[in-house]
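The values are calculated or read from the model by the stated rules, or taken from the named source; none is laboratory data. As the structure is a prediction and not an experimental result, all values here were calculated from the model. Note: ideal-geometry Cβ built from the backbone for every residue, glycine included; neighbour counts use all protein chains shown.
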Amino acid sequence: MSNLLNISSSPHVRDNSSTKSIMWCVIIALVPASAFGIVNFGFKALILIAACVATCMLTEFVWQKAMKLPITVNDGSAALTGLLLALNLSSTFPVWMAVLGSVFAIIVVKQLFGGLGQNFMNPALGARCFLMVSFAGKMTSFTYDGVTGATPLAIIKNGDKAASIADILAAGDGQTQVSTNVINMFIGNIGGTIGETSVIAILIGAAYLLVKKIIDWKIPVCYICTFAIFVLLFGGRGFDITYLVAELCGGGLMLGAFFMATDYVTSPITPNGQIIFGVALGVLTGIFRIFGASAEGVSYAIIICNLFVPLIEKITIPVPFGKEGIKDGK
Amino acid sequence: MSEATFRGGVHPYEGKELSKDLPIKTVMPKGELVFSMAQHIGAPAKPIVQKGDKVLVGQKIGEAGGFISANICSSVSGTVKAVEPRMMLNGSNVMCVVIENDGKYTGIEGLGKDRDYTKLSNDEIREIVKEAGIVGMGGAGFPTNVKLTPKDPDKIDYILVNGAECEPYLTSDYRQMLECPEEIVGGLKVILKLFDKAKGYICIEDNKPDAIAKMKEVVRGESRIEVKALKTKYPQGGERTLISAATGRKIYSAKLPADAGCIVDNIATVIAIYRAVCKSTPLITRVMTLTGDAFKTPVNVNVRLGASHAELVEEGGGFSREPAKIISGGPMMGFAMFDLNVPITKTSSSLLALTKDEVAENEPSPCIRCGRCVNACPGNLVPQKMAQAAMNNDYDAFVKLNGMECYECGSCTFVCPAKRPLTQTFKQARQYVMAQRRKK
């Protein structure tokens with residue numbers, strides 16, 4: 001043979017999946033929730049989604065160009081950040097603020113810390129919290145069917161502890177009379193951010209990710225179960241299933257549990273760490289929702305737990321094969 | 001029976017259909033043969049012939065150079081042309097005996113003579129295995145007589161014959177199970193004679209149902225031998241995963257299979273034991289698979305040790321397409337070759353010629369911490385963190401993360417969506433740590 005052969009260290013074969021294919025799978029999984037949001041909230045939702053996705057991608061491109069880094073915009077991670085951010089915004093949120101949030105997500109939360117894989121906090125949630133403290137009014141103004149009013153979660157939080165949840169939801173927030181029930185909360189016919197309202201649409205996407213083994217059950221299941229137990233114990237309503245369902249279906253819990261808490265970069269890589277992470281999320285979300293000032297708590301719970309990931313991983317390094325029950329490794 | 005398996009592992013493209021239905025073809029070498037004195041783990045053998053000596057088939061030409069070492073026997077008759085260092089597969093120069101083949105294949109006295117193993121003492125059997133230069137032919141090349149001489153033979157409960165053949169593309173063990181199952185059972189019975197309390201398990205992945213059926217047929221009536229079907233998953237044929245799947249026992253890096261009451265021998269090794277003990281034939285041939293999409297006609301061949309890899313190419317019909325990469329062994333743990341003019345050794349299981357170099361085609365990108373490496377690792381390690389430690393030259397952290405438990409199976413690197421060179425990093429780190437430990 002005339003030419004020299006290629007050599008490299010084993011293994012010599014590679015699986016087909018890539019960072020890009022994973023990111024696009026997650027984006028596909030968000031299609032039901034996004035589509036429902038657009039149908040529910042109209043053209044404005046579409047504009048916001050488009051603005052966030054485009055801004056994130058453009059920001060990443062410009063940053064990488066300016067910093068003379070390899071351009072990786074087509075790996076889909078920036079697009080995913082934009083989409084997730086948009087799904088976490090109210091449909092009435094001003095576009096320029098959303099653009100600002102997108103720039104913040106990519107530059108401050110992601111690129112300043114080293115880009116893909118290096119950020120310690122979920123970029124979309126980091127940006128959401130940035131927008132929340134900067135433009136609290138706009139961030140918490142939700143419109144449904146052309147009527148601006150409180151979300152079901154807020155209605156429940158402010159509702160009379162003695163009254164039944166069904167009655168509280170039917171009565172609405174007292175001013176605009178937005179009447180609803182838990183079925184509507186499950187389907188998504190309620191006020192909220194673009195992507196969080198429809199539990200069924202989120203679950204369809206989540207099922208797709210679970211089947212494709214993009215995400216693992218541990219974080220979402222531990223998160224949701226812990227939160228459910230916390231609500232039953234400390235919600236002040238005893239064992240009220242309607243209340244539990246409303247808390248599970250309301251707010252950003254489902255979107256957060258399946259799409260944000262499972263973000264690879266900012267969640268533990270160790271199996272036991274994922275369980276601890278999920279439990280911690282459930283407890284924090286419960287504390288924020290029940291004892292906090294706001295009816296919401298998912299975003300803050302996730303970004304706080306993101307910060308603990310290195311510590312959680314440190315204490316959950318698995319025992320190697322064959323060393324179970326052996327101390328010191330001798 | 002629920003199928004035995006292990007946690008972790010991966011499912012690479014198997015590629016076995018290229019060569020699985022092709023009977024083993026015996027090929028004879030042309031020209032000179034090169035016998036490396038280091039075809040095994042342990043001390044190299046010492047050449048005991050000189051330039052100009054006449055040698056016969058089966059004649060010992062290299063004497064074991066220590067306790068963990070192995071004899072080398074000539075696979076042809078002819079004249080010693082040189083005793084000099086020659087280049088091996090990995091580019092290193094190793095002392096070799098070079099023999100000019102006279103093409104007559106004149107054997108030493110008694111070569112191929114039938115022998116009744118039941119009339120031999122256990123020590124005689126071990127001595128025969130040692131003299132025959134038998135080493136683990138699955139890849140590691142550990143001297144078999146050492147394996148068959150554990151500290152406490154009564155503590156051996158299982159003899160595991162490794163027919164998993166979990167490496168993609170390879171079909172040599174499979175063909176041998178179909179074509180000479182009696183020799184496998186014969187070899188296993190020889191080993192079982194050494195350990196009268198042990199049971200023999202022939203372990204086969206379930207992607208080879210006809211091999212399982214064939215072996216079951218042959219072991220019918222053997223009270224001490226059982227065929228175990230294992231779930232098809234790489235690296236099922238690794239020593240630790242095999243022991244755990246077949247017996248439920250587990251060992252880690254500091255333990256030998258014997259510590260778990262097991263002795264593991266590959267199919268080819270067991271056949272070599274049979275031939276040495278019952279047919280008075282030392283280890284001078286082996287079965288290899290010539291395969292991959294670059295070969296015109298993939299084939300399984302029975303080759304004489306010491307022949308050149310370059311001669312094999314035409315046995316596979318030459319290359320129909322330009323190979324991008326040629327690998328000795330399987331694609332997961334095999335060795336990429338830069339030159340085909342290196343001799344076949346006791347551990348050469350295949351010559352794999354691929355038209356695509358998937359490593360070169362996939363540029364590594366940043367780790368996204370997806371955790372697939374953690375799920376794939378059969379050793380229950382966290383490759384992502386180990387790689388971080390190794391890349392930072394933080395070897396203490398690497399050891400703390402149980403990096404020394406890695407046996408470089410390549411599963412983490414195979415699944416990595418960011419195409420990161422994890423296994424490569426671990427090999428370097430492990431070599432460094434082992435070198436440091438030796439210094440102390």
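Would you say A:Thr92 is touching a residue at least 40 places away in the same chain (Cβ under 8 Å), within 14 Å of chain B (Cβ to nearest Cβ), closer than 22 Å to A:Ala201 by Cα and among the polar types (S, T, N, Q)?
For A:Thr92, the condition - touching a residue at least 40 places away in the same chain (Cβ under 8 Å), within 14 Å of chain B (Cβ to nearest Cβ), closer than 22 Å to A:Ala201 by Cα and among the polar types (S, T, N, Q) - is not met.
Restrict the check to region A:191-213 and report whether at least one residue is in contact with a strand residue (DSSP E or B) (Cβ under 7 Å, 6 or more places away or on another chain) and assigned to a loop (DSSP other than H, G, I, E, B).
The answer is yes; a qualifying residue exists.
Of B:Ile271, B:Ile284, which residue is of a type in the set (A, V, I, L, M, F, W, C), touching a strand residue (DSSP E or B) at 6+ places or on another chain (Cβ under 7 Å) and at pLDDT 95 or above?
Of B:Ile271, B:Ile284, the one residue that is of a type in the set (A, V, I, L, M, F, W, C), touching a strand residue (DSSP E or B) at 6+ places or on another chain (Cβ under 7 Å) and at pLDDT 95 or above is B:Ile284.
Quick check on my filter: what residues within region A:25-57 are in contact (Cβ under 8 Å) with a residue 40 or more places away in the chain and surrounded by fewer than 16 Cβ atoms within 10 Å (Cβ to Cβ)?
A:Ile28, A:Val31, A:Ala35, A:Gly42, A:Ile47
Could you tell me whether any residue of region A:14-22 is modelled with pLDDT of 95 or more, crowded, with 19+ Cβ neighbours inside 10 Å and more than 7 Å from chain B (Cβ to nearest Cβ)?
no
Looking at B:Gly334, B:Gly371, B:Gly306 in this structure, which one is more than 14 Å from every other protein chain (Cβ to nearest Cβ) and either surrounded by 21 or more Cβ atoms within 10 Å (Cβ to Cβ) or more than 22 Å from A:His12 (Cβ to Cβ) (or both)?
Result of the check over B:Gly334, B:Gly371, B:Gly306: B:Gly306.
Taking B:Pro378, is it facing chain A (nearest Cβ under 9 Å) and closer than 30 Å to B:Thr269 by Cβ?
yes
Among what's in region B:213-234 and is among the acidic types (Asp, Glu) and within 15 Å of B:Ile191 (Cα to Cα), pick the residue that is surrounded by the fewest Cβ atoms within 10 Å (Cβ to Cβ).
B:Glu222
Among the helices (runs of 4 or more DSSP H) confined wholly to region B:344-440, which include 3 or more residues that are touching a helix residue (DSSP H, G or I) at 6+ places or on another chain (Cβ under 9 Å) and among the aliphatic types (A, V, I, L, M)?
Here the list reads B:383-391, B:422-439.
Which members of region B:48-85 meet the condition of being assigned to a loop (DSSP other than H, G, I, E, B) and either under 19 Å from B:Met28 (Cβ atoms) or basic (Lys, Arg) (or both)?
B:Lys51, B:Leu56, B:Gly58, B:Gln59, B:Ser74, B:Ser75, B:Val76, B:Ser77
Search region B:320-331 for residues being facing chain A (nearest Cβ under 7 Å) and assigned to a strand (DSSP E or B), and hand back the single one that is surrounded by the fewest Cβ atoms within 10 Å (Cβ to Cβ).
Applying the filter and picking the extreme gives B:Lys325.
Among the residues of region A:210-229, is any closer than 28 Å to A:Asn184 by Cβ and within 12 Å of chain B (Cβ to nearest Cβ)?
Within region A:210-229, one or more residues are closer than 28 Å to A:Asn184 by Cβ and within 12 Å of chain B (Cβ to nearest Cβ).
Of all residues in region B:28-58, which are of a type in the set (A, V, I, L, M, F, W, C), within 25 Å of B:Ala353 (Cβ to Cβ) and surrounded by fewer than 19 Cβ atoms within 10 Å (Cβ to Cβ)?
Across region B:28-58, the qualifying residue is only B:Met28.
Only one of these is in contact with a Cys (Cβ under 9 Å, 6 or more places away or on another chain) and either modelled with pLDDT of 95 or more or small (Gly, Ala, Ser) (or both): A:Ala261, A:Ala228, A:Ala246. Name it.
On inspection, the qualifying residue turns out to be A:Ala261.
Could you look through region B:246-276, keep only residues that are assigned to a helix (DSSP H, G or I) and within 12 Å of another protein chain (Cβ to nearest Cβ), and pick out the one that is nearest to B:Thr345 (Cα to Cα)?
B:Pro257
One residue is enough: does region A:107-114 have a residue meeting the conditions in a helix (DSSP H, G or I) and surrounded by 23 or more Cβ atoms within 10 Å (Cβ to Cβ)?
Within region A:107-114 (the criterion being in a helix (DSSP H, G or I) and surrounded by 23 or more Cβ atoms within 10 Å (Cβ to Cβ)), the answer is yes, since at least one residue qualifies.
Being aliphatic (A, V, I, L, M), surrounded by fewer than 24 Cβ atoms within 10 Å (Cβ to Cβ) and assigned to a helix (DSSP H, G or I) narrows it down to one of A:Val319, A:Val309, A:Val265, so name that one.
A:Val309
If I ask for residues that are at the interface with chain A (Cβ under 9 Å from one of its Cβ atoms) and of a type in the set (Phe, Trp, Tyr), which ones from region B:413-431 would you list?
Correct list: B:Phe414 only.
Exactly one condition in (1) within 14 Å of chain B (Cβ to nearest Cβ); (2) modelled with pLDDT of 95 or more is false for A:Leu284; which is it?
Of the numbered conditions (1) within 14 Å of chain B (Cβ to nearest Cβ); (2) modelled with pLDDT of 95 or more, the odd one out for A:Leu284 is (1).
Pull up region A:78-121, narrow it to residues that are touching a Gly at 6+ places or on another chain (Cβ under 9 Å) and not hydrophobic (A, V, I, L, M, F, W, C), then point me to the one that is nearest to A:Phe258 (Cα to Cα).
A:Asn88
Looking at region B:291-300 only, could you name the residues that are buried (at least 24 other Cβ atoms within 10 Å of the Cβ) and part of a strand (DSSP E or B)?
B:Thr291, B:Phe295, B:Asn300, listed by residue number.
Do you know which residues across region B:382-400 are buried (at least 24 other Cβ atoms within 10 Å of the Cβ) and at the interface with chain A (Cβ under 9 Å from one of its Cβ atoms)?
Correct list: B:Val382, B:Gln384.
Inside region A:233-255, can you point out the residues that are buried (at least 21 other Cβ atoms within 10 Å of the Cβ) and without any contact (Cβ under 8 Å) to a residue 60 or more places away in the chain?
Matches in region A:233-255: A:Leu253, A:Met254.
Select from region B:309-319 the residues that are outside any strand (DSSP E or B) and either within 14 Å of chain A (Cβ to nearest Cβ) or crowded, with 21+ Cβ neighbours inside 10 Å (or both) and list them in ascending order.
Of everything in region B:309-319, those that are outside any strand (DSSP E or B) and either within 14 Å of chain A (Cβ to nearest Cβ) or crowded, with 21+ Cβ neighbours inside 10 Å (or both) turn out to be B:His309, B:Ala310, B:Glu311, B:Leu312, B:Val313, B:Glu314, B:Gly316, B:Gly318.
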